[in-house]
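Structure first, then comments.
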Amino acid sequence: ARTGIELRPGLDGVPATQSAICDIDGEQGLLTYRGYPMQDLAANSSFLETAFLLIWGELPSRDQLAEFEHAVQMHRRVSFRVRDMMKCFPASGHPMDALQSSAASLGLFYSRRAIDDPQYVYDAVVRLIAKIPTMVAAFQLIRKGQDPIQPRDDLAYSANFLYMLTEREPDPLAARIFDRCLMLHAEHSLNASTFSARVTASTLTDPYAVVASAVGTLAGPLHGGANEDVLAMLEEVGTAENAGAYLDEAMAAKRKIMGFGHREYKVKDPRAVILQALVEEMFARFGHDELYDVAVAIEREAESRLGPKGIYPNVDFYSGLVYRKLGIPRDLFTPVFAIARVAGWLAHWREQLGANRIFRPSQIYSGSQLRAWMPIDERV
Ligand code: SDX
């Protein structure tokens, strides 16, 4: 074992890279993208403008934003070859497996030209941000036995995704709220899927493989999918009155409360604060959902039980209530997380190209010491 370097499981607290993209103050509950507070972006920006900021480091000029939005709009369509491949996927397949396969397949269509060519980087960013929503929506229609519908160029990014997914043009407020959800989920420093993206990017492979690697990592239940589990929990609790008893029973059984806790935040996740306001805006306009009353009761009852341990709602606690009201199927919540997080993954891909150092950490060996070969007849 190498002396002086102790093992840090999960790399807890180990700075594995230097990055200028996102900063989290877990004590104050502050989240900034390239120095801009999340609250300001959620109030004033759009997902595409925020994606541009994350990837290229500055808010775009009016012309830069118009050109980026137009480029994304022109690249929304996915080749019939990918759509035909998706028709071979079993309808019962996990949506994140479908997204990982279809995202990786994009790499078959675009050459691995010199990735230090800014035009290649721009084109890859545009294609991935433009095509991932189309693939998620296509998967939904295909598994229902229908042909996917083509993007509508007259609809903005978020409205077009909801249209392709639900076959109905969304209410402008619903589209605006969804666009804010994408901004809130776009980036979060070195979470597991972004770390996967950086390790993969460090070998200088193509960006489609980088995103496929990150999608596979996000698919794990400890990272993506907690917002699905939150809705299941709210349905199990049933009424606000049951919240306290539910928490007592779960904690006695040492079960983790889904949508609570975070490696970084020791206060309520600032994204949960904003998402809760979006939930209330949704329900004021489109009708109440009694599961929200249960969620508020769970949060209230958890304050005394988990608050002292620094465990508060995270980004997943309220997001599922928004997506449910938007008519997004529950098992597509994590693919929606991926639609947003691809902006962060691509920002880290681009930053890693500049770092130009392959990840190759060491280990502490704990296996067998040197030993002689054993012929098979002598083995027990
Ligand atoms: C995301 O990294 C990111 O930034 C992720 C993310 C992003 O934007 O990319 O924010 C997105 O993944 C949000 C998290 C979604 N997952 C969940 O909501 C699942 C439930 N949460 C827990 O699994 C947990 O809180 C984690 C995984 C989020 C964080 O786990 P940690 O930091 O490794 O904390 P831990 O497991 O070491 O727990 C520390 C203590 C333990 O108690 P003790 O053993 O010390 O007595 O806190 C307890 C845990 O039991 N604890 C919880 C709890 N989370 C931690 N107890 C009850 N309920 C919980 N949710």
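Numbers for the structure displayed
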| read-out | value |
| --- | --- |
| Complete set of residues in region 207-245 that are within 30 Å of Val121 (Cβ to Cβ) and not hydrophobic (A, V, I, L, M, F, W, C) | Pro207, Tyr208, Ser213, Gly216, Thr217, Gly220, His223, Gly224 |
| Subset of region 245-265 that is touching a residue at least 40 places away in the same chain (Cβ under 8 Å) and surrounded by fewer than 17 Cβ atoms within 10 Å (Cβ to Cβ) - its residue that is nearest to the ligand (Cβ to nearest atom) | Arg263 |
| Residues of region 324-360 satisfying the condition of being open to solvent by 10 Å² or more (accessible area, probe 1.4 Å), over 30 Å from Leu291 (Cα atoms) and modelled with pLDDT of 95 or more | Arg350, Glu351, Ile358, Phe359, Arg360 |
| Selected residue (only one of Gly93, Gly10 is surrounded by 11 or more Cβ atoms within 10 Å (Cβ to Cβ) and within 23 Å of the chain's Cα centre (by Cα)) | Gly93 |
| Every residue from region 205-244 that is open to solvent by 20 Å² or more (accessible area, probe 1.4 Å) and among the charged types (D, E, K, R) | Glu228, Asp229, Glu235, Glu236, Glu241 |
| Number of positions in region 274-304 that are open to solvent by less than 40 Å² (accessible area, probe 1.4 Å) and on the phi < 0 side of the Ramachandran plot | 16 |
| In region 191-242, the residues that are near the ligand (Cβ under 9 Å from one of its atoms), within 12 Å of the chain's Cα centre (by Cα) and either within 14 Å of Ala16 (Cβ to Cβ) or part of a helix (DSSP H, G or I) (or both) | Asn191, Ala192, Ser193, Thr194, Leu218, Ala226, Asn227 |
| Filter result for Ile149 (in contact with a helix residue (DSSP H, G or I) (Cβ under 7 Å, 6 or more places away or on another chain), part of a helix (DSSP H, G or I) and among the β-branched types (Val, Ile, Thr)) | no |
| Boolean, Ser202 is open to solvent by less than 30 Å² (accessible area, probe 1.4 Å) and of a type in the set (S, T, N, Q) | yes |
| Residue within region 305-315 that is buried (at least 22 other Cβ atoms within 10 Å of the Cβ) and under 27 Å from Glu58 (Cα atoms) present | yes |
| Sole residue being under 18 Å from Val210 (Cα atoms) and either in contact with a Gly (Cβ under 6 Å, 6 or more places away or on another chain) or in contact (Cβ under 8 Å) with a residue 40 or more places away in the chain (or both), chosen from Ser193, Ser158 | Ser193 |
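The values are calculated or read from the model by the stated rules, or taken from the named source; none is laboratory data. Keep in mind that this is a model prediction, so the values were computed, not measured. Don't worry about glycine lacking a Cβ; one is built from the backbone with ideal geometry, like all the others, and counts go over all protein chains shown. We work out accessible area using only protein heavy atoms, side chains counted, and drop any ligands, DNA or RNA first. Shrake-Rupley method; radii C 1.70, N 1.55, O 1.52, S 1.80 Å.
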